[in-house]
2 protein chains.
Amino acid sequence: MLQPKDKVAIYMEGHLESDFGKMGFGAVRYLTNDIVAVIDSAQAGREMSNFMDTSRSIPVVNSVEESIALGAEVLLLGIAPVGGKIPDFWYETLDKAIDSGVSLINGLHDLLAPRYEGRMKQNWVWDVRVPQFIPAIGSARALEHQGKRILCVGTDNAVGKMTAGLELYRGLLKQNRSAGFVATGQIGITVTGGGIPLDAFKVDYATGAVETAVLEQADKDYIIIEGQGSLLNPSSTATLPLMRGSCPTHLILCMRGDKTTLRSNTQIKIPNLREFIALNESLASVCGTYPDAKVVAIAVNTSMFSEADAQLVKERITAESGVPAFDPVRDGVQGLIECL
Amino acid sequence: MLQPKDKVAIYMEGHLESDFGKMGFGAVRYLTNDIVAVIDSAQAGREMSNFMDTSRSIPVVNSVEESIALGAEVLLLGIAPVGGKIPDFWYETLDKAIDSGVSLINGLHDLLAPRYEGRMKQNWVWDVRVPQFIPAIGSARALEHQGKRILCVGTDNAVGKMTAGLELYRGLLKQNRSAGFVATGQIGITVTGGGIPLDAFKVDYATGAVETAVLEQADKDYIIIEGQGSLLNPSSTATLPLMRGSCPTHLILCMRGDKTTLRSNTQIKIPNLREFIALNESLASVCGTYPDAKVVAIAVNTSMFSEADAQLVKERITAESGVPAFDPVRDGVQGLIECL
C-alpha cells in the first residue's frame, strides 16, 4: 500500500471551498508523504495555503494529467460526500489515473478495487473503508487497559474530532509520553496507516472492532480514540460503539465555534452544552456500570474567526458549559493535556 | 421463500434448555406455519409443551431424517449463538437436509446460500440476516409519521423485547386498531416476513435502514418497533440506531424478572431502574431535540416464576421504577395498551 516515499496528489474537484473536503484537508495536515498537487479545476493556479492554514507549498491544478506531470504516483480522493458514494463523473479522472499507472486511495463506501482488477500494472487501489477482520463480540475488555482512554465526542459530524485527537496524540508524543491513537475513520486510517473503518463494520461487530483496536494499544499510558458522529445527529450512531468498545476514562467534546445547528440537518439546534455534556457522560457510564468518564475539555474549531473573536467564542463556550475550551490547532494542546 | 402451507421443522440440538434457543421458541410462538417437529437428540421423545407454554402439539425428535418422515419441508435453525456463527458440527445435519430436498431458514451471520448454490433442486436457502437494500442516510424522517411510535428497549439482550412487541402488535390488531410491526431481528423477520436485519447493516446505514422500515408503516396509527440489545450490554449498540431511526414517542422497557446481572457478562449488574429509565429517555430525546419519549410501561418476563411470585416481582419492579409492570405473555397486553 502507501509507502513513505510515494508522491501523492489529492482529488478535491469542486470542493476546495466546501466542508466535504475534510479527507483532503486532513491529508495535507497530517500525511507525511510528499503532496505534489491538489486537483480542483475551479481553483487551478492557486495554492493550498489559500484555503487552509498550512506551511506546505502545494499547487492547485486542473487535472490528473497535470498532477502526474508534477510526479504524482498516488491519487487520494479528498472529498467525502454524505453517504460515501462516488459521483459518476469522477470515473473519467479515476480511469485516467489507473491507466497512467497511478495508484488510488479511496475512503468512500463505494469500492474501486473491483472496478480496476486486472487493469492495473505496478499500481494498486486501497479501499480504506473495507473492514480487515471479524472481531470477537464486544465484552468491555478495554477495561483491562490500566491507563487513560480518551474519547473525542462531538456536537456533529465534521467538527474536528479527528483533528483534536491527532493534535493531542502528537502533543503527547512530543512530550515523550507513552501514547497511542486509534483511528476509526478513513482519514485517520490513511494518515496513520492503522485503525478501523468503524462505520463500515456491521452493527453487531462495531463494539468488538473498537475493542480490538484499543487493545492493540494496551501497552500505552494514553490511548486517544478518534471520535465519529454525534449523539445529536440522526445520520450517525457511531458514538455508542465507540463508548462501549473503548470504555473511556475521559471525554473531550469537539465542536465548531460558529454553528448553532447541525450542518446537514439545519432544523436541529445544538442543545445547551451542559445538558449535552451530561447526556454524553451518562451514556458513557450507564449509571456507574462503566468508568465515570467526564468531559474534561472542549476542543473548538475557531478557524473561521479572528484571534480576538476566537477568544470570545472560547470564553462563551466555557461559561455555558463549565468546561475549559481550547482550539487545538490555534492554541496547541498543552491546555488539553493539563485537563487529563 | 417461506409459503403459508410449508411444513417446518426446527433445529434446536442441545439447546431446548438453554436460553440461546429464542429463534426456535419464537417460531413456535409466532410462526403460523405447521411445525411438525423440533430436533434435539438430548430431549427426543418429549413434547415442546414440556419446554414452553404452548398449546401446539410438537414432538421433539432425534434427527433431521425423523422430521422429514413427519413431513418437514423447511428446516429452521432455532439456535442463536452469541456472535451469530454456525458451529461446524451442524453442517452434517444441514447437508442432509439440503440433499433431501428440504429448504433452510438461517438467521445467523454465517451464510448458507453460497455453500448450497448448485446443490439444491426445488428447495431454497433463506439467509434472513442479509440486508436487502442500501438505505438513504438517516435524517429523522420518522418524524413525518403522525401517530405513536413505540420502541422496546431492554436491560439486556434476550429478555423479551420481540415478544413484548409482537404481543402488543397482535393485541392492537385484535382491537381493530391500525397497527404496524417493524421487525429488526432474524426471528421477527422470519415470523412476520418483513423488516430489517439491523445488526447486519453497516454502522453508517443502520439509522437509515430503521427509518426506511418505519416509513413503510407510516399509514398506521401505532408503529411497534422491535427492540434489540441494551444500552447496558457491551456487545450491543443497536439501541441508538433504533432510537434515531424511529424517533420514538413511547418506550417500553423489557426485562427478565429473575436477573440481577447481564446474561453473558455476569460481572455487569442491572442498575437502579429509575436511573436506567432516565438514561434511555434522555438518549431518546437528546435535550428536547427529538420527541420526549417516556418509558410508559415495563414488560417483565416472569415465565420462571409461579403466579404468586410473578405478582410480587411485578410489584417490586413497579415500586423500584415508578412505572407499571406487566408480563405480556402471562397477563395479556390490555394493561400495556392502556399505558400508550
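The values are calculated or read from the model by the stated rules, or taken from the named source; none is laboratory data. Because the structure is a prediction, the values reported are computed rather than measured. Don't worry about glycine lacking a Cβ; one is built from the backbone with ideal geometry, like all the others, and counts go over all protein chains shown. For the accessible areas, the whole protein counts, side chains as well, though only heavy atoms, and no ligand, DNA or RNA atoms are used. Shrake-Rupley method; radii C 1.70, N 1.55, O 1.52, S 1.80 Å.
Run the label-point distances for A:G45 please: 7 Å along Cα to Cβ, every other copy, nanometres, shortest first.
When each copy's label point is compared with this one, the spacings are 9.2 nm.
What order do you get for A:224-236, A:156-168, B:103-115 when each peptide is scored by the mean count of other beta carbon atoms within 10 Å, highest first? Present the calculation step by step, with values, prior to reporting the outcome.
Values: A:224-236: 27.2, A:156-168: 25.3, B:103-115: 19.4.
The densest-packed peptide leads the list: A:224-236, A:156-168, B:103-115.
Working from Cα positions, state the angle (0 to 90°, nearest 10) between the long axis of helix A:90-99 and the longest principal axis of chain A.
Rounded to the nearest ten degrees, it is 60.
List every residue whose amide H lies under 5 Å from the amide H of B:K220, counting only residues 5 or more places away in sequence or on a different chain, with H placed 1.01 Å from N in the peptide plane.
none
Ordered shortest first, which distances in nm separate the 7 Å Cα→C-beta label point of A:R56 from those of the other copies?
Label-point distances to the other copies, shortest first: 6.2 nm.
In Å², rounded to the nearest 100, what is the total accessible surface buried by chains B and A against each other with a 1.4 Å probe?
On the way: alone 14660 and 14690 Å², together 25730 Å².
Counting protein atoms only, the buried area is about 3600 Å².
What are the residues whose amide H is under 5 Å from the amide H of B:A158, where those residues sit 5 or more places off or on another chain and H is modelled from the backbone?
The list, which skips near neighbours in sequence, is B:G229.
B:S57 accessible area, nearest 10 Å², 1.4 Å probe?
90
Which far-off residues, 5 or more places away or on another chain, put their amide H under 5 Å from the one on B:V125, with H placed in the peptide plane?
HN-HN under 5 Å from B:V125: B:L104.
Residues of A:137-149, mean number of Cβ from any other protein chain within 10 Å of their own Cβ, rounded to a whole number?
On the way: counts 9, 6, 9, 6, 1, 1, 2, 0, 0, 0, 0, 0, 0.
Taking all residues of A:137-149 together, the mean is 3.
Taking each residue of B:203-216 in turn, how many C-beta atoms of other protein chains fall within 10 Å of its C-beta, and what is the average? Each step should come with its number before you reach the end.
Working: counts 17, 16, 8, 7, 6, 3, 1, 1, 2, 0, 0, 0, 0, 0.
Mean partner-chain Cβ count within 10 Å for B:203-216: 4.
Counting partner chain Cβ atoms within 10 Å of every residue's Cβ in B:127-136, what's the average? Working shown, then result.
Numbers: counts 0, 0, 2, 0, 1, 0, 0, 3, 1, 3.
Mean partner shielding for this stretch: 1.
Only counting protein heavy atoms at a 1.4 Å probe, give the residues of region B:249-293, ordered by number, whose accessible area falls by 40 Å² or more when the other protein chains are present relative to the chain alone.
B:L279, B:L283, B:V286, B:C287, B:T289, B:Y290
Just report the Cα centroid separation between region A:281-324 and region B:201-215, whole Å.
30
Compute, for A:Y30, the solvent-accessible surface of its heavy atoms (probe 1.4 Å) with the complete set of protein chains present, and express it in square angstrom to the nearest 10.
Around 20 Å² of this residue is reachable by solvent.
Can you list the distances in nanometres, one decimal and ascending, from the A:Q175 label point to the identical position in each other copy, with the point 7 Å along Cα to Cβ?
6.0
What does the convex hull of the alpha-carbon atoms of chain B project to on average, in nm²?
Details: hull surface 67.8 nm².
If you wrap the Cα atoms of chain B in a convex hull and average its projections, you get 16.9 nm².
How far, in whole Å, is the closest Cβ of chain B from the axis that maps B onto A, and which residue does it belong to?
Nearest residue, distance rounded to whole Å: B:L240, 2.
When the Karplus curve 6.51 cos²θ - 1.76 cosθ + 1.60 is applied with θ = phi - 60°, which whole-Hz ³J(HN,Hα) does each residue of region A:220-236 get, with x for Gly and Pro?
8, 6, 10, 10, 9, 9, 4, x, 9, x, 7, 4, 7, 8, x, 7, 10
Output ³J(HN,Hα) for region B:168-174: one whole-Hz value per residue in order, computed from phi by the Karplus curve 6.51 cos²θ - 1.76 cosθ + 1.60 with θ = phi - 60°, and x for Gly and Pro.
Rounded to whole hertz, the list is 4, 4, 5, x, 5, 4, 4.
Leaving out ligands, DNA and RNA, what percent of the accessible area of the protein assembly as shown is carbon and sulfur, probe 1.4 Å?
Values: 12420 of 25730 Å².
Summing carbon and sulfur atoms, their accessible area is 48 percent of the total for the protein assembly as shown.
With every protein chain left in place, what is the accessible area per residue of chain A in square angstrom, probe 1.4 Å? Show your work: numbers first, answer last.
Details: 12880 Å² over 340 residues.
The answer is 38 Å² per residue.
Would you mind calculating the gained length between B:I134 and B:D88 on full extension (0.36 nm times residue separation, minus the Cα-Cα distance), in nm to one decimal?
Numbers: separation 46, 0.36 × 46 = 16.56 nm, distance 3.10 nm.
Full extension from B:I134 to B:D88 adds 13.5 nm.
Short version: ³J(HN,Hα) in whole Hz for each residue of region B:289-300, in order, from phi by Karplus 6.51 cos²θ - 1.76 cosθ + 1.60 (θ = phi - 60°), x for Gly and Pro, what are they?
Ordered by residue, 3J(HN,Hα) equals 6, 9, x, 7, 6, 10, 6, 8, 7, 10, 9, 10 Hz.
Please go through the residue pairs B:K85/B:K294; A:K7/A:K314; A:K5/A:K96 and name each one whose alpha carbons sit more than 29 Å apart in this structure. It would help to have the intermediate numbers written out before the result.
Values: B:K85/B:K294 36 Å; A:K7/A:K314 38 Å; A:K5/A:K96 22 Å.
The pairs that break the limit, which is 29 Å between Cα atoms, are B:K85/B:K294; A:K7/A:K314.
Which one of B:Y169, B:T289, B:G147 is farthest out on the positive end of the charge dipole of the protein assembly as shown, using unit charges on Cβ (Lys, Arg +1; Asp, Glu -1) and the Cα centre as origin?
The one lying farthest along the dipole's positive direction is B:T289.
Distance from the Cα centre of region B:98-153 to that of region B:47-73, in angstrom?
25
Would you work out the charge dipole size for chain B about its Cα centre, treating the Cβ of every Lys and Arg as +1 and the Cβ of every Asp and Glu as -1, and quote it to the nearest 20 debye? All intermediate terms of the calculation are to be shown ahead of the outcome.
Working: 31 positive and 39 negative charges, 117 e Å.
Result for chain B is approximately 560 debye, rounded to the nearest 20.
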